[in-house]
Structure formats: C-alpha cells, structure tokens
Amino acid sequence: MTEKLYPLVAEAMREGIYLPNRSSNLCSYKHCAFAATCEAEFGGRVKGNDEE
C-alpha cells in the first residue's frame, strides 16, 4: 500500500493539493495557519474561530 500511496501523496503535495482532516485534534485556528483558507475553500467550520 505504501508503494502505491506515497507517490500519489507526493505528487499532490507538489501540486499544492490538500484535503482537510477536520477530525484531527490539530484542526483548529490555534494549530493551523491555513484554517481560514480551509473554511473558505471547503466550507464548514474550523474550531477556534473567535470571529463568531
């Protein structure tokens, strides 16, 4: 699985493609510099947005 998955992930990273993982403990404004961009691009809410 790693031999197949790693090249796909590496290519996506080179092209700037990312997918949000909102179930991660690190998915928050406190831990992620891209939280606002993530909300704008993918919708939904990221934890810790004080503008509410």
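Please treat every number below as a calculation from the coordinates, not as lab data. All values derive from a computational prediction rather than experimental measurement. Counting neighbours? That spans all protein chains shown, and the Cβs are built from the backbone with ideal geometry, glycine included.
Worth pointing out:
- If the condition is being among the aliphatic types (A, V, I, L, M) and in contact with a Leu (Cβ under 9 Å, 6 or more places away or on another chain), then region 12-46 contributes only Ala12.
- Within region 32-48, considering residues that are in a loop (DSSP other than H, G, I, E, B) and touching a strand residue (DSSP E or B) at 6+ places or on another chain (Cβ under 9 Å), the one surrounded by the fewest Cβ atoms within 10 Å (Cβ to Cβ): Gly48
- Exactly one residue among Leu8, Leu19 is assigned to a loop (DSSP other than H, G, I, E, B) and either touching a residue at least 60 places away in the same chain (Cβ under 8 Å) or of a type in the set (A, V, I, L, M, F, W, C) (or both), and that residue is Leu19.
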